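Reviewing the structure listed below.
The values are calculated or read from the model by the stated rules, or taken from the named source; none is laboratory data. In this text, all values refer to a predicted model and were calculated from it rather than measured experimentally. Quick reminder, even Gly has a Cβ in these numbers, built from the backbone with ideal geometry, and neighbours come from all protein chains shown. Ligands, DNA and RNA are excluded from the accessible area calculation, which covers all protein heavy atoms including side chains. Shrake-Rupley method; radii C 1.70, N 1.55, O 1.52, S 1.80 Å.
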Amino acid sequence: MGMTITEKIIAAHSGLRKVHRGQFVYANVDICLGNDITAPIAIEEFEKAGIKNVFDPEKIVLVPDHFTPNKDIKSAQQSKSLRVFAEKHHLKHYFEIGRMGIEHALLPEKGIVAPGDLIIGADSHTCTYGALGAFSTGVGSTDLAACFATGEVWLKVPESIKFVFHGKVKNWTSGKDLILYTIGKIGVDGALYKSMEFTGSAITNLPMDDRFAICNMAIEAGAKSGIISPDKNTEDYIKGRVGKKYVMYQSDPDCSYTETYEFNAEEISPQVALPSLPENTKPVEDISGIKIDQVVIGSCTNGRISDLRIAARILKGKKVHPSIRVIIIPATQDIYKQALQEGLIEIFIDAEAVVSTPTCGPCLGGHMGILAEGERALSTTNRNFVGRMGHPKSEIYLCGPAVAAASAVTGKITPPAEVLKN
Amino acid sequence: MKGKCWKFGDNVNTDEIIPARYLNTTDTKELASHCMEDADPNFTKKAEAGDAIVAGDNFGCGSSREHAPIAIKAAGISCVIAKSFARIFFRNAINIGLPIFECSEAAKQIREGDEIEVDLTNGEILDRTSGKRFKFEPFPREMQEIIQCGGLMNFVKKKMNQPENKL
Ligand code: SF4
């Protein structure tokens, strides 16, 4: 029997010719990642263990992106611990603010992750890099500390589920909508411990930014990883970014999946996930009219240039509804600059939205847009859990950039076609 | 392992276990003082050292924050029993040595306030209040090795001191 792309990557990094699902392996990592929340614990653990040197200063990435620019003294201490560690161990990939971006947008952009890589990150959305045909998965801080020392991680080879999207996506439907739709179908533990493999003509035709959004939210179905076979789009994206050798693995035709889901992309409207789980999804038409207090466009899911372009297309020449606030956060410095050059930032400011420097900020209720009791946000981020963006009695609705921008204009949840029609 | 049980539902996420507003610290005492705050604001007042958390499916879903099992462990909770665990929470618990057990029947039948006793060697949970016994699957050998070392870092140190054993 053949192997899935995920099995092939894990086998190649464990010194094995073949692996099977459920097998326990120690795998070599190409990159391990930590941020200003998770790395301080890893650094403490690493130092407590008395280990002198890191396994490879070129393969550790530290990104202070959650509470930065530091929101308070405690956060400043956490960021400082990353900075000190990076200097001490001569880490190649430490990103100080000014060069920093949200980690999962930044690493692909900088060419740090490549097809065929095995990547772990002490951040649950590390699964994003599956969009490049890599195996990447979120771990905890102690895993990261152990990896700093050894360059290895313990893994159980996951089972895979295949998701086939036929046809072409509709106007205003994006990668975010496909993944919200999928989570709505299988639930927040529908892919627990498993790898989600996304294929089909709709995926083949999707731009990389949309693919990142899809793999990014695999964790929201409980998955260990999300993955898309690398193809021409992938190669175009990594050209000029990735400087190392890489391998474009593909699943064998006779590999096995625990389940296969087939969806018709043409029938999928822009989606909205209602509080307080990402599985509570509905087509936007079904819930339009719900009043909101704040719109957030950003995060490692939807803070990329194509997301900002969609938002600008809708907001151009319009004003944000007077009763709400709109916060737009380009995910990296490069995206910020490109948005500036393309005139998108001016459109946002003219529309009376706030534009912030790259940060996770409100996505995790950190800073830059916290909700008060009883407030309701519509957000392009990835989690709408209780209290995620602020007060435990606030609410979050999740959506793609088009619905977010359209709703920013009307002050209530609105299908994009309605705003652009007028 | 003995203690009183506190029950929670399905999909308890790490934002409820330890809200992000407290993540600007790694101080375990401070984390413990906010344990389960957004799921039950009175939890730390009610729970005593040695007590257990009993929950439904997908316990610990959401972010990778190790602060979640750390907060639970530092609050003195002796173990977590659930129908299933989210995978990063599961890893983190193993890696820091917080005992967790996957057992659907126990999670279903144990009631809030019941006194339980866990027998690790025989893989059995005894509900002393109801008298019911529940079996659970022991972890795979490799994970048990990590747990026996007292967590992943101790395991790594041990391996690194034996150069013939790569991790
Ligand atoms: S943007 Fe949100 S989900 Fe993404 S890494 Fe930051 S906090 Fe996590």
Check: Inside region B:136-159, can you point out the residues that are away from chain A (no Cβ under 14 Å) and among the β-branched types (Val, Ile, Thr)?
Finding: none
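Residue-wise test of (1) in contact (Cβ under 8 Å) with a residue 12 or more places away in the chain; (2) open to solvent by 30 Å² or more (accessible area, probe 1.4 Å).
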residue	(1), (2)
A:265	yes, no
A:268	yes, no
A:286	no, yes
A:289	yes, yes
A:296	yes, no
A:303	yes, no
A:308	yes, no
A:314	yes, no
Item checked: Any hit, region A:143-161, residues being crowded, with 24+ Cβ neighbours inside 10 Å, within 23 Å of residue B:59 (Cβ to Cβ) and of a type in the set (S, T, N, Q) -> no
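Could you check, for region A:349-357, whether at least one of its residues is within 22 Å of residue A:72 (Cβ to Cβ), within 14 Å of chain B (Cβ to nearest Cβ) and small (Gly, Ala, Ser)? Can you show your working first?
Narrowing region A:349-357 to residues within 22 Å of residue A:72 (Cβ to Cβ): A:354, A:356-357.
Subset that is within 14 Å of chain B (Cβ to nearest Cβ): none.
No, the conditions are met nowhere in region A:349-357.
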Margin query: Can you find a residue that is crowded, with 18+ Cβ neighbours inside 10 Å, among the hydroxyl-bearing types (Ser, Thr, Tyr) and either in a loop (DSSP other than H, G, I, E, B) or within 14 Å of chain B (Cβ to nearest Cβ) (or both) anywhere in region A:78-93?
Written below: yes
Next item on the list: Looking only at region B:114-135, decide whether some residue is within 14 Å of chain A (Cβ to nearest Cβ) and more than 16 Å from the ligand (Cβ to nearest atom).
Entry: no
Check: Mind checking whether some residue in region A:370-388 is more than 16 Å from the ligand (Cβ to nearest atom), in a strand (DSSP E or B) and crowded, with 21+ Cβ neighbours inside 10 Å?
Finding: no
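Could you check region A:50-75 and list, in sequence order, the residues that are aliphatic (A, V, I, L, M), surrounded by 16 or more Cβ atoms within 10 Å (Cβ to Cβ) and modelled with pLDDT of 95 or more? Lay out the reasoning, then the answer.
Our first condition is that a residue be aliphatic (A, V, I, L, M); within region A:50-75, this holds for A:51, A:54, A:60-63, A:73.
Of the ones still in play, those that are also surrounded by 16 or more Cβ atoms within 10 Å (Cβ to Cβ) are A:51, A:54, A:60-63.
Result: A:54, A:60, A:61, A:62, A:63.
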Item checked: Of all residues in region A:126-138 being touching a Gly at 6+ places or on another chain (Cβ under 7 Å) and either open to solvent by 10 Å² or more (accessible area, probe 1.4 Å) or within 14 Å of chain B (Cβ to nearest Cβ) (or both), the one that is nearest to residue A:42 (Cα to Cα) -> A:138
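Go through region A:244-317 and tell me which strands (runs of 3 or more DSSP E), entirely inside it, have 3 or more residues that are over 28 Å from residue A:11 (Cβ atoms) and within 16 Å of the ligand (Cβ to nearest atom). Step through it out loud before you land on a result.
Details: elements: A:259-264, A:271-273, A:281-283, A:294-297.
Fully inside region A:244-317 and qualifying: A:294-297.
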Item checked: Within region A:359-418, considering residues that are within 10 Å of chain B (Cβ to nearest Cβ) and aliphatic (A, V, I, L, M), the one farthest from residue B:36 (Cα to Cα) -> A:370
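With assigned to a helix (DSSP H, G or I) and within 16 Å of the ligand (Cβ to nearest atom) as the only criterion, which of A:327, A:335 stands out?
On the way: A:327 fails: assigned to a helix (DSSP H, G or I).
Residue meeting the stated conditions: A:335.
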